[in-house]
1. Out of the residues in the range 165-185 that are part of a loop (DSSP other than H, G, I, E, B) and more than 15 Å from the chain's Cα centre (by Cα), state the one that is nearest to Ile34 (Cα to Cα).
2. Just for the range 253-288: of the residues that are assigned to a helix (DSSP H, G or I) and under 30 Å from Ile221 (Cβ atoms), which one is farthest from the chain's Cα centre (by Cα)?
3. Mind counting the residues in the range 210-223 that are crowded, with 22+ Cβ neighbours inside 10 Å and farther than 25 Å from Ser32 by Cβ?
4. Any idea how many residues of the range 463-487 are under 17 Å from Thr119 (Cα atoms) and not small (Gly, Ala, Ser)?
5. Restricting to the range 416-427, give me the number of residues that are among the aliphatic types (A, V, I, L, M) and either in a strand (DSSP E or B) or under 15 Å from Asn261 (Cβ atoms) (or both).
6. With assigned to a loop (DSSP other than H, G, I, E, B), buried (at least 19 other Cβ atoms within 10 Å of the Cβ) and not basic (Lys, Arg) as the only criterion, which of Gly352, Gly345 stands out?
7. Specify the residue that is surrounded by the fewest Cβ atoms within 10 Å (Cβ to Cβ); the eligible residues are those in the range 132-153 that are on the phi < 0 side of the Ramachandran plot and in a loop (DSSP other than H, G, I, E, B).
8. Sort out for me the strands (runs of 3 or more DSSP E) sitting completely within the range 1-93 that have 3 or more residues that are in contact with a His (Cβ under 7 Å, 6 or more places away or on another chain), over 22 Å from Asp223 (Cβ atoms) and hydrophobic (A, V, I, L, M, F, W, C).
Amino acid sequence: MLRTSEAIASKYGRLKNYVNGEFIDIPGRTMSVISPLDGTLLAEMPCSTSQDLDQAVRAARAAFPSWSRTPIKERVQVFYRYRHLLEKHTQELAALVSEENGKTLGEAVAEVEKCIELTEFAASLPQLMTGEVLEVSKGVECRTEHVPLGVVASIVPFNFPAMVPNWTIPNAIALGNCMIIKPSEKVPLSVGRVALLLQEAGLPEGVFNVVNGDSEIVEAICDHSGIEAVSFVGSTRVARLVYRRATSNLKRCLALGGAKNHLLVLPDAKPEMTAQNVAASMSGCAGQRCMAASAMVAVGAVDHIVERICEEARRIVPGRNLGAVISAEAKERIERYITEAEQQGAKVLVDGRGATVPGKEKGTYVGPTVIDGVKPNMAIAREEIFGPVISIMRVDSLDEALAIENANPYGNAASVFTQNGGYARYVIDRASAGMVGVNVGVPVPREPFSFGGWNESKFGVGDITGKSSIEFWTRLKKSTVKWNPEAGINWMS
């Protein structure tokens, strides 16, 4: 909801941009930040302009020469301290994440714990950045080293207000870049708190900057000549637009989009383990994650497992162990998908429509939903739902299941539930996904392994976390050095 600059009562007041180590007022229109938990007005977020972005870019460019020349072993000392501060303030930051995003407090704590793990990896970068040196001829050495790009930008989504920013902040900055981050207009509070923690950790002024805003700032980031690289996480539709616009302006870009992740369940799967994993994958973070299971392909006689999944789903209660979806619009959209599938002949085994939480009637909740008899051509089987909904499709063979998985345009994740190692390997080799699991509902790699999908789940080269991120946030410099004039001149010199 857009608002003008008049003062409006809200819990956190009017937010500010963070530029050059200071929070600064941004005049003009604002957008309301509403808590999905209970409808509370949390804050008014300013809609920055391209001029506001330019101010942040100037601050970052001014900070870059000194920061980039600081040895990496000194740069990462900031992140040792930042890690300690994340640990110290876990409960505070988790409460903020829960408040603005709607996830449960336990899920929010897990999100901050993942931030800590990401920061630990960044602190290890000096051990991964040693470069290479070789005496290629007598007295002649060739050397490679990774050098920072300059000013980079990160555009982050609403579903993980702390974790996804920390996919990029520690690595990009530890590698010597200065950063501008644009938080989601739905959840801008956590990034502002991260800015204060980085400041307390000793990060120099201008190295990290926060610019709040809507699509105007996204476009301005893609267009700004002073920004060298852009990372984006969000829907596939917007990821494609950001990638095209940024690369057309000769920037590096890595844009992660949506997903439609398939769980293939075979008759020999362990019923209890499978049911628990499927239900948790479907409903964790209210299904608002690009690694959530939203499609299950039941291979053969697995009714006994489906029954257990329904039992598990009924134990998941909105407001208790299931958080809210991000907005009233999201709730309406998710429930519309369920109703449409039912009208097309699918059977709703567990129905989460119309969920409310006593005392939080203005919250936006959708209960866990299990739908059987879904056909591959239905919208609920093809499109990203981003809610606690699992659609079950029935097939007779593993090859039929893989054909359904391969036909979907996304490629983030796929999992197979089986006790047969041969079947597991068969799926790993043939699934069209960048991340594959066996008896794992959410196959997210842990650091130092990188996060990244295939197909329309990612635009650009490389992954956003782990060792792969080094290539994105740096460029390779090669030097050839000769100190022996007595060797004369040959084809190498």
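The values are calculated or read from the model by the stated rules, or taken from the named source; none is laboratory data. Note that the coordinates shown come from a computational prediction; the quantities given were computed from them, not determined experimentally. So basically every Cβ, Gly included, is an ideal-geometry build from the backbone, and we count neighbours across all protein chains shown.
1. To start, the set of residues in the range 165-185 that are part of a loop (DSSP other than H, G, I, E, B) comprises 175-177, 183-185.
Narrowing the set further to residues that are more than 15 Å from the chain's Cα centre (by Cα) leaves 175-177, 185.
Numbers: Leu175: 35, Gly176: 36, Asn177: 33, Glu185: 10 Å.
Ranking the candidates gives Glu185 first.
2. Filtering first and then ranking leaves Ala286.
3. The number of residues fulfilling the criteria is 1.
4. Qualifying residue count for the region: 6.
5. So the count comes out to 2.
6. Checking each option against the conditions leaves just Gly352.
7. First, pick out the residues of the range 132-153 that are on the phi < 0 side of the Ramachandran plot: 132-138, 140-149, 151-153.
With the extra rule that they be in a loop (DSSP other than H, G, I, E, B), the set shrinks to 138, 149.
Details: Lys138: 11, Leu149: 21.
Looking at residues that are on the phi < 0 side of the Ramachandran plot and in a loop (DSSP other than H, G, I, E, B), I get Lys138.
8. The strands (runs of 3 or more DSSP E) meeting that bar number zero.
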